[in-house]
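Novice: I have a structure here, written as structure tokens, and I will follow up with some questions on it.
The values are calculated or read from the model by the stated rules, or taken from the named source; none is laboratory data. Since the structure is predicted, the reported quantities are computational estimates derived from the model, not experimental observations. Backbone-built Cβ (ideal geometry, glycine too); neighbour counts: all protein chains shown. Each accessible area value is taken on the protein alone, full model and side chains, heavy atoms only, with ligands, DNA and RNA left out. Shrake-Rupley method; radii C 1.70, N 1.55, O 1.52, S 1.80 Å.
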Amino acid sequence: MMNKKIIGIVLLAVGIALFFWGYNMTQSVGEEMKEAFTGSFSDKATWLMIGGGALGLIGLLQLVIGKK
């Protein structure tokens with residue numbers, strides 16, 4: 001029971017950290033130049049935000065639904 005809660009908290013924290021790491025990458029001068037010319041951010045920044053969002057969602061679901 002407590003194991004599921006700890007896992008949920010860890011996944012949520014790691015997901016938030018990865019999302020904001022990817023977001024901060026998009027705010028750099030190099031990323032903004034790339035986005036201005038290509039219309040998209042680098043693959044690394046995009047995948048960090050997607051992966052962080054997914055892990056955060058899984059962690060949140062684990063905390064909410066995993067109470068059984």
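Novice: For the chain, what number results from the quotient of the Cα radius of gyration and 2.2 N^0.38 Å? Write out the running numbers ahead of the final one.
Specialist: Working: Rg = 15.2 Å, N = 68, 2.2 N^0.38 = 10.9 Å.
Expressed relative to 2.2 N^0.38 Å, the Cα Rg reads 1.39.
Novice: So with the 1.4 Å probe, I'd like the accessible area per residue for the chain, rounded to whole Å².
Specialist: Values: 4910 Å² over 68 residues.
Here the residues of the chain average 72 Å² of exposed surface.
Novice: What do you get for the angle between helix 29-38 and the principal long axis of the chain? Use alpha-carbon atoms, 0 to 90 degrees, nearest ten.
Specialist: The helix 29-38 is inclined about 70 degrees to the chain.
Novice: A further question on this structure: Tell me the relative contact order for the chain as a rounded percent, counting alpha carbon contacts under 8 Å between residues six or more apart.
Specialist: On the way: 86 pairs, mean separation 37.2, N = 68.
Once normalised by length, the contact order is 55 percent.
Novice: Within the chain, what whole-number % of the accessible surface is contributed by carbon and sulfur, with the 1.4 Å probe and all protein chains included in the calculation? Before the final figure, lay out the partial values.
Specialist: On the way: 3600 of 4910 Å².
Whole-percent figure for carbon plus sulfur exposure: 73.
Novice: So, one more: Which number gives the lysine pairs in the chain that have C-alpha atoms under 20 Å apart and are eight or more places apart or on different chains?
Specialist: Working: Lys4/Lys67; Lys4/Lys68; Lys5/Lys67; Lys5/Lys68; Lys34/Lys44.
Taking the chain as the scope, the lysine pair count is 5.
Novice: Once Lys and Arg get +1 and Asp and Glu get -1 on their Cβ, which of Tyr23, Gly53, Leu11 lies farthest toward the positive end of the dipole of the chain?
Specialist: Checking the options against the dipole of the chain, the answer is Leu11.
Novice: Further, regarding this structure: With only Lys, Arg, Asp and Glu charged, each at its Cβ (+1 for the first two, -1 for the last two), find how big the charge dipole of the chain is about the Cα centre; round to the nearest 20 debye. It would help to have the intermediate numbers written out before the result.
Specialist: Working: 6 positive and 4 negative charges, 124 e Å.
Roughly 600 debye, rounded to the nearest 20.
Novice: May I pose another question? Among Gln62, Met33, Met2, whose Cα projects farthest towards the positive end of the dipole of the chain, with charges put on the beta-carbon of Lys, Arg (+1) and Asp, Glu (-1)?
Specialist: Of the options given, the answer is Met2.
Novice: Does anyone have the angle between helix 43-65 and the longest principal axis of the chain? Alpha-carbon axes, 0 to 90°, nearest 10?
Specialist: The answer is roughly 20 degrees.
Novice: List, in order, the whole-Hz ³J(HN,Hα) value for each residue of segment 10-25 obtained from phi through the Karplus relation with A = 6.51, B = -1.76, C = 1.60 and θ = phi - 60°; use x for Gly and Pro.
Specialist: Whole-Hz 3J(HN,Hα) from phi for segment 10-25: 5, 4, 5, 5, 5, x, 5, 4, 5, 4, 6, 5, x, 5, 5, 5.
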